[in-house]
Each structure stands twice: as structure tokens, then as C-alpha cells.
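Colleague: This is the structure I want to talk about, given as C-alpha cells.
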Amino acid sequence: MDKLRRVLSGRDENEELGLTAQVLDASTLSYSTRVKWFVICFASGILCSILGTALLFLPNGIKLFAVFYTLGNIAALSSTCFLMGPLKQLKRMFEPTRLIATIVMLLCLVLTLCAVFWWHKKLLALIFCILQFLAMTWYSISYIPFARDAVMKCFTTCLS
């Protein structure tokens, strides 16, 4: 169980558990509190995304869909901050292996809202929501060892 806690908190086995490490990780919450808030934040993100999808079919629902879907993705993304701490989350987001996925994902979040509220382009907002989904998926699987390689191999096998 301790090993699972170290993995979820982002600590190495031989990392010092001093006050400095806790401040830098910003994980002064207890393990159970962090897991509870992770679940609450992640579930609210999923709920927002589902609600946004349901609102898509209302008149002028594309705006509500884009807003709720984007808020859902932001909530789901920020939920992992409770597990590993916000600073460690940011460090991991901008590691070289995730840099492009992170930039595309954050850019799609912003461009979706721009397309709906400033440019008033509904189709463009829908395209950015699809790109949000793809970028968030690619970003998420970057945390699973060799998952990107498996997806790429499956994709190239399907195309050939």
C-alpha cells in the first residue's frame, strides 16, 4: 500500500520526506483527503462533459456544450493535482514526452471557448471539442508506459 501511495503522490522510493519536499509537492493533505478530492473533481468533470453533451441538442446548445465540455476537461485534468500536487503536476505536464500533447490540449481548451464566444463559429467549436477529446486522450495515455507506442502500432496496422 505504501508503494501505491508513493506512486500516486509522485515520490520516488528513496526521496526524502522532509518538510521541503512536502512544500514543493504541495501535498500536505492526507492521502485519504487527496483521493476523495480527486474522485470528486474527476466525477464532476465527467458529469460536466455528459451534461454538455446532453445540452448539445437544445436550441443554441452548442455554446452550452462547448462550455460544459471544456469545464469538464479542466476539472478532470485538475483532479490529478490532488494526487500528486499542483507543482509536480505542472512539471510532469511540461516534460519533453508530454510537451506537445499538453500544448495542443491547452490550446484546444482556449480555442473552443474563443470559437463559441468571440468568433461565433459553431462548427469550429465542435471541431475544437473533438480535438480536445483527442488531445486529452493522447495526453492521458502518455502516463501509461508504452501506451502511445501500442496505439500508434494499432493505428498503423488498421490503416495498412
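The values are calculated or read from the model by the stated rules, or taken from the named source; none is laboratory data. Since this is a predicted model, take the numbers as computed values, not measurements. Neighbour counts run over all protein chains shown; Cβ positions are idealised from the backbone, glycine included. With ligands, DNA and RNA removed, areas are computed over all heavy atoms of the protein, side chains included. Shrake-Rupley method; radii C 1.70, N 1.55, O 1.52, S 1.80 Å.
Colleague: Restricting to region 65-98, count the residues that are exposed (fewer than 15 other Cβ atoms within 10 Å of the Cβ) and polar (S, T, N, Q).
Modeller: 1
Colleague: Go through (1) at pLDDT below 95; (2) assigned to a helix (DSSP H, G or I) for L107 and report which single condition fails.
Modeller: Here L107 meets the rest and fails (1).
Colleague: Would you confirm whether any residue within region 99-122 is of a type in the set (S, T, Y), within 12 Å of the chain's Cα centre (by Cα) and surrounded by 15 or more Cβ atoms within 10 Å (Cβ to Cβ)?
Modeller: Checked against the condition, which is being of a type in the set (S, T, Y), within 12 Å of the chain's Cα centre (by Cα) and surrounded by 15 or more Cβ atoms within 10 Å (Cβ to Cβ), region 99-122 yields at least one hit.
Colleague: Taking the condition modelled with pLDDT under 90, in a helix (DSSP H, G or I) and either of a type in the set (K, R) or loosely packed, with under 15 Cβ neighbours inside 10 Å (or both), does L47 pass?
Modeller: Answer is no for this residue.
Colleague: Conditions first: (1) among the aliphatic types (A, V, I, L, M); (2) open to solvent by less than 40 Å² (accessible area, probe 1.4 Å); (3) modelled with pLDDT of 95 or more. I62 passes all but one, so which condition is the exception?
Modeller: (3)
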